[in-house]
Amino acid sequence: MWPTPLQLVIGFVTDFLDTLGVGSFATTTSMFKLGGVVADEDIPGTLNVGHAVPTFAEAIIFILVVNVEMTTLVLMIAAAVVGAWLGAGVVARWPRRRVQRGMGVLLFAAAAIIVARLTKNRPGRRRRPRPYGRAPGRGPRGNFVLGALMTLGIGLYAPCMILVSLLGMNATTAFPIMMGSCAFLMPAASIRFVRSGRYDLRAALGLHARGTPAAVIAGLVVKSLPVAAVNWLVVGVVVYTASAMLSSARSTGAPSAAPATKESA
């Protein structure tokens, strides 16, 4: 069934901002939660399934226009894919209450990371950035963890930007790394969510249908916007959504087993 107008708007707005570096998971989660678009337990799967194609378009754009050492890029992407595959296998079996709790906690973490970026309060000593980067060990290990966390809906962009900064690499290098990581890990994670039925097909199609052209417009036409104000708005919405998730988890009561399959309308 064709997505609703609201689902199409969510796809366009979130992937447009995603291409500019704001990220799509926290914003999409907030819109899904506030609009009652997707059941809480199906949000992680819908995010990974729905944003896969738009993010692949973003990855192609930035891999072509940003210089990054190929070995670093391949290792970081591979590590994220393995982390996502293992993480999705766990999250797809979680009951509704546990998903709500996990997403609530990690959304608060995402908000804190965004604030850290905006205020430049990044841990670690400052090092002169390198345009291509050399991250043979710590980089892939860090991206493995981020790939696993992404399957629960925290998003990879902001944490990856901080990881790249800590590795002493040029900040622009983060774009092909984080978008390339997401482009390849989302299909891997999506397989497990689709098999378990833990996603909303209609909402995912809305992200696909409008997210892909939005990514192309943002990456090739708009290219840049004053996104700092948008990020602060995202922080406020994400904090509210995290609170709502934890409140819903408290009111859900004792955990119940999640259904093995789900009909998609």
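The values are calculated or read from the model by the stated rules, or taken from the named source; none is laboratory data. All values derive from a computational prediction rather than experimental measurement. Heads up, the Cβs are rebuilt from the backbone with ideal geometry, glycines too, and the neighbour counts pull from every protein chain shown. All accessible areas refer to the heavy atoms of the entire protein, side chains included, with ligands and DNA or RNA removed. Shrake-Rupley method; radii C 1.70, N 1.55, O 1.52, S 1.80 Å.
Values for this structure:
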read-out: Karplus (6.51, -1.76, 1.60) ³J(HN,Hα), θ = phi - 60°, over the range 190-201, in Hz, Gly and Pro reported as x; value: 4, 4, 6, 5, 5, 4, 8, x, 8, 7, 10, 4
read-out: Descending principal axes extents, the range 33-76, alpha-carbon based, whole Å; value: 42, 19, 15
read-out: Net charge over other residues, Cβ less than 13 angstrom from the Cβ of S251 (K, R count +1; D, E count -1); value: +3
read-out: Largest-first ordering by accessible area, 1.4 Å probe, given options I113, I217; value: I217, I113
read-out: Accessible area in the full protein assembly, largest first, 1.4 Å probe, for I177, I162, I63; value: I63, I162, I177
read-out: Tail beyond 16 Å, pair distance distribution of the range 41-109 (Cα, percent); value: 62 percent
read-out: Sequence of E69, E41 when ordered by accessible area, the most exposed leading, probe 1.4 angstrom; value: E69, E41
read-out: Amide H within-cut-off set for M169, under 5 Å, with H built and near neighbours excluded; value: R130
read-out: Highest average packing first - 88-96, 54-62, Cβ atoms within 10 Å; value: 54-62, 88-96
read-out: Accessible surface of F108 - all protein chains present, 1.4 Å probe, nearest 10 Å²; value: 80 Å²
